[in-house]
C-alpha cells in the first residue's frame, strides 16, 4: 500500500510522459526494424482513433468518417511531396487543415438530425473515398495508387530511415497531439463537452451552443486523422485507396471502443492492442473482420467504458484501500461555515402576453407575469396549467406564438437557449444533471463556461489568459460552495452525492454564473425536511442579496414561507397574482385546486365555500 | 429505357433494405445496421442451395428464410436488447454487420458468386427497354410488400400493436402488449424476410460480402428520403436512389454514382431532415 | 376503513416507489373494493400518479406490497397485470393519436386474444356506453376533442374487461359539464361491479362518485376515511394544503 501511495503522490501526467520518452528511445535500445515499424503504425492508428474518441467519448457523437479524413491527409501530403514540398511540417499542417475542412463540411448536414444520420453520413464518406480518388485519377494515380513520393525532409534535412529519423517524427507528433488532447480534455472545455454529451438541454442552459460545440468536437476529431494520413504517406512513400476502406474504418472504431472512448489514453490502449494483437497473425486478414465485429459487439454490450474504465475502477479500489482522498463517503449532515453572500445584480423579468399552442392544445393563453430583484416570485398551478411550458419559454426552449419576454431591457423571446443563458438566465432542472467523474468544485465551476471565456488554443497551450480564467473559476466556485454550505465536499465526486446535495450543487452552479434571473424548477421535490430547510435558507439568502428568484413549486408550505409574490396558473392563463395572504384567500385559486366551481356556489370566501360544499355533500 | 428498368430494380433492392430498417425501427426504435448484411447472408444461402446443393427452389427458400431469421433473433438478443442507448446500439449492430461480413468471406470466399434466378433468366423487352424477369420481380415485390405490410399494420391486432409501440411504448404496455417479446418477433421477422428476399436480390447484385456496407448505406439514404417509419416513403426513397445511381453512372461515369447519391442525401438532410413522409416533433424539455 | 366489510380487490401496504433515484412515494397504504370507488386525492406532486404507476407495474417498487385478488403482484410485469385484470387509464388522454377510434378500441382488447373481426363486435358495447365514440369511429384519435379522447381512453381500458380500473385525473383540462358526464359513466361502471381507484385534483368531481377517500401529501397518506364520514370539506381542504400534521 505504501508503494501505491507513493506512486499516486506523483502528478499523474508523469507516467504517460515516462512511457513516451521510453518509446522515443526504443531504436537506441537496439529494437529490431519490424517492431519499430509496428510502433509507427500503432502511433498512426492511435492518432486516427483519438479523433473518434474526441467526438464519440466527449461530444457524444458517433462520427465514423475518420478513414476519409485520414485518406485526405495522406493524399494531400503525397501530392505535396510530388510537387516538391517535402518538408514534413508543411505537409502536416496542410494535411491537418484539409482534414479539418472535410470534417466541418461533412459534419454540418449530419448534425441536423442526430446520431443515426451523423453516423451513416460519415460512414458514407468512407464509401466515397475510392470514387473520389478515381474521379481525380490523373492527379491521384487512381486505383493503382500514388507513386513518386519523395522522402520527407525537416528544414531541408532528409529524414534518413537508417537512423530511424522519421520514426522520431512520428512519435513526437503523437506525443504532442496527446498532450494537446489531454490539456483540452481535463480543462473546462472537456467538462463542457461532457455536459453536452450527457444532456444537450443542460448544456444550452449554461450557454453552450449545442450545434457549434458538436461541430467543434467533430472538426477537432478530424485533425489528428489528417496528421496521421500525412505521416502514413511518408512511411512507405506510397498511397493506395485500399488502405482506407471499411476494414480500416471498422478497426478504428473497434480500437476506440476497446480502449475506451471517454479516456484520454484510451485511443493509445486500443490502437496498441489492435496493432500488436490481431494484426500480427499472418492470416489475420481473413479473420480481421470477424475479430473487429466481435470486439464491437462485446465492447458495446459489456465494456461501456472500455479497458480504460476498468483501469480507473481498479485504481479507485486501490485508492480506497490506501485511504487516499476523494474516497470518503461524504457526510452531508456536517454543515460547513456559511459566509455572507455577495451582492447579486438581479434584473426584472417581464413576461408579457405570452401564448403558445401545441397542435390543438393551447398551453399558454396570453399569460403575463413579472419578477423583481430582491424578491422570490413563486409560480404555482395544477397539472396542465402550463408552468413547465412557461419556464421552458423563458429559457428559450420554445418560441412563443405571441407576446414578449424581457430580462431587464433585453427582449429574449425566440432566442435560442444558449443565448438566453448568456443574457443571464440560470435554471435548475427537476432531475439534477451532472457529468460523471468530476469533482464538486469542477461541477460548480462549469457554470462559468460562457460568462468568462477562454479559447481552446489558449487552454491547450496553458497561456496566461487560461491560467487567469482557471484561477477565477476555482475561486468563484469555492465561494459559491461556501454559500450553500458545501465547501467541505469540494473534492468529492459530484455524482456520488445524495440527491439533496446534488440539488444544492445545481443551485451553486447556477449562482456562480452571476445570473440576472434565477429559475428554480421544483428544487424541493424528493428532499427530506432537513434538506428542504437548508434549501429555504439558501433561497432567502439569495433573495436578500438582490437576486431575482422565480420558484416553481408543488410544496405549498415552502411557497407560503418563502414567496413575496405568488402567481397562479391554470389551464394556460394567470388566474391570480398577489401576496401569499391574498392567494390563500382567493376563491378562484381554491376552485382550481379543489375543483370547486365558483359559479355554481356563488360563494366568495373560504367560509362560504365550506358551507356550500358541505351542503352539497350531504345532499 | 433499359437504364430505367435497371435503375428501378436496383432501387427496389434498396427499398427492400429500407423496409427491413422500418420494421425494426417501428417495433424497437432501433436502427439495425446489419439489415443489409442479413440480406446478403440470404443471397449466399440461396447460392449454396441452388448451385452447390442443387436443391428445389422451395427448399432453398425455406433454408434461407429460417437461417436468417435465426441469425436476426440472435442479433436482437445478444447485440440489441442488452444495449440501452442508441449510440451503443449503432456500434453493436455495426459489429454484427462486420462479423457477418467477415464470416461470409471465410465461408464463401471474397469472389462474387452468381446466384441464378429461379425463374427465367432470359431478357425481355418492356416499353422499349431491355430487362430481366428478376428485375421485374424485385420491383413487384417491393410494391407488394409495401402494400401488404401497410395493410397488416392497420388490419391485424398485432399490426396495430406494433404501430402503437412506435407511437407510445408505455401506453402499448398498458394495453397488455408484451413490448419486448413483440420487438424480438418483429426483429426475427425482418430477418426472415431478408433471408427470403435473398433469392431475388442475389441474382441482381451477386452474392458478395463486400456489397453489404454499400447496400446498408444506400438503404439508409432511402430511409432518409422517405422518412423513418414510413413504408411508402421507403418505396419512393429507394427507387429515387436506384434511379439517381444508375443515371449518374450512365451520364457521368461509374465513379460518380455514389457521389451523386451522397449529394442527394446531403440535400435532403438540409432541406427536409424528417424525410418526405416523416414527422418532425416539437422538442420537449 | 371498511366501506362495506368485503375483502378489498386491491391492497397496497407501505408502498415506497419513485423514478430511478427519486423517491416520490414514501409510505402509502390504501384499499379498493369491487363495486366501489376509492378516490386518491392531493395536490400535484403528492405522489398520486406515481402510486398508480407502481400499482400498474410501470414503476419499480422499492418497499412495501401490492396485493391484487389475494396475490402479490410486485414482481409481475406491467403487460401481464393487464391480463390479470388491472387497467390503467393514464392522465393526459394517452390514446394512439395516429390511429382511428375503432383501431384504438380494438387495440384495447389486445389481451382478449381474439381476432380483429371478433373484437369489432366487442367494440359495439363500448359504443353503447359512449355513443359519441360510435359516431366518430373512423376518425383519427388525434383530431378529437379532449373530452372525447378521455372517453376513448376509458373505453380502450374497458375493452380488456378489467376488474380494477385505475383512473388518473380524468377531469384534466375538461369543462365541468364534460367532467360530470365522465363521472356519470364511472358511476355506471361502479354499479356493474368494477373496482375503481380514482386519482383526482378536482375534489368535487371525485366526491360525486367516491365511496372512500385517501388524501396524499408529499408521498404519504394524511387522511383516510369513508366518504360518508366526511361532513366538512374544510378537513379535506386542510389536508390538501398541507396543514394537517397527522
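May I ask you to verify whether residue C:203 is touching a residue at least 24 places away in the same chain (Cβ under 8 Å), within 12 Å of another protein chain (Cβ to nearest Cβ) and buried (at least 18 other Cβ atoms within 10 Å of the Cβ)?
Yes; evaluated as a whole, the condition is true for this residue.
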Does residue A:130 count as surrounded by fewer than 21 Cβ atoms within 10 Å (Cβ to Cβ), within 23 Å of residue B:218 (Cβ to Cβ), without any contact (Cβ under 8 Å) to a residue 40 or more places away in the chain and facing chain B (nearest Cβ under 9 Å)?
-> no
Of the residues in the stretch B:216-233 that are assigned to a helix (DSSP H, G or I) and either touching a strand residue (DSSP E or B) at 6+ places or on another chain (Cβ under 8 Å) or away from every other protein chain (no Cβ under 11 Å) (or both), the one that is nearest to residue B:163 (Cα to Cα) is B:231
What about residue C:76, is it facing another protein chain (nearest Cβ under 9 Å) and either buried (at least 16 other Cβ atoms within 10 Å of the Cβ) or in a loop (DSSP other than H, G, I, E, B) (or both)?
-> no
Restricting the stretch C:41-67 to residues that are crowded, with 23+ Cβ neighbours inside 10 Å and more than 14 Å from chain A (Cβ to nearest Cβ), the residue that is nearest to residue A:528 (Cα to Cα) | C:51
Taking residue C:227, is it surrounded by fewer than 21 Cβ atoms within 10 Å (Cβ to Cβ) and either more than 28 Å from residue C:111 (Cβ to Cβ) or within 14 Å of chain A (Cβ to nearest Cβ) (or both)?
-> yes
Given (1) farther than 23 Å from residue B:221 by Cα; (2) crowded, with 21+ Cβ neighbours inside 10 Å, index of the condition residue A:101 fails = (2)
Between a first residue in the stretch A:569-594 that is outside the structural domain of residue A:377 (by TED's automatic domain parsing) and a second residue that is in a strand (DSSP E or B) and modelled with pLDDT under 85, which pairs have beta carbons less than 7 Å apart while being 6 or more apart in sequence or on different chains?
-> A:592/A:570
How many of the residues making up the stretch B:79-96 are more than 7 Å from every other protein chain (Cβ to nearest Cβ) and assigned to a helix (DSSP H, G or I)?
-> 3
Name the single residue, out of those in the stretch C:9-24 being at the interface with another protein chain (Cβ under 7 Å from one of its Cβ atoms) and either surrounded by 16 or more Cβ atoms within 10 Å (Cβ to Cβ) or not in a loop (DSSP other than H, G, I, E, B) (or both), that is modelled with the highest pLDDT.
-> C:24
Do you know which of the residues in the stretch B:97-111 that are without any contact (Cβ under 8 Å) to a residue 60 or more places away in the chain and within 19 Å of residue B:51 (Cβ to Cβ) is farthest from the other protein chains (Cβ to nearest Cβ)?
-> B:109
Considering A:67, A:71, A:95, which residue is touching a residue at least 40 places away in the same chain (Cβ under 8 Å) and within 14 Å of chain B (Cβ to nearest Cβ)?
-> A:67
Could you list all residues from the stretch A:371-423 that are in contact with a helix residue (DSSP H, G or I) (Cβ under 6 Å, 6 or more places away or on another chain), within 14 Å of residue A:574 (Cβ to Cβ) and at pLDDT 90 or above?
-> A:378, A:379
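For the structure I just gave you, tell me whether residue B:236 is in contact with a helix residue (DSSP H, G or I) (Cβ under 7 Å, 6 or more places away or on another chain) and within 9 Å of another protein chain (Cβ to nearest Cβ).
no
The values are calculated or read from the model by the stated rules, or taken from the named source; none is laboratory data. Note that the structure is predicted; figures quoted are calculated from it, not measured. For neighbour counting, all protein chains shown are included, and Cβ atoms are generated from backbone atoms with ideal geometry for every residue, glycine included.
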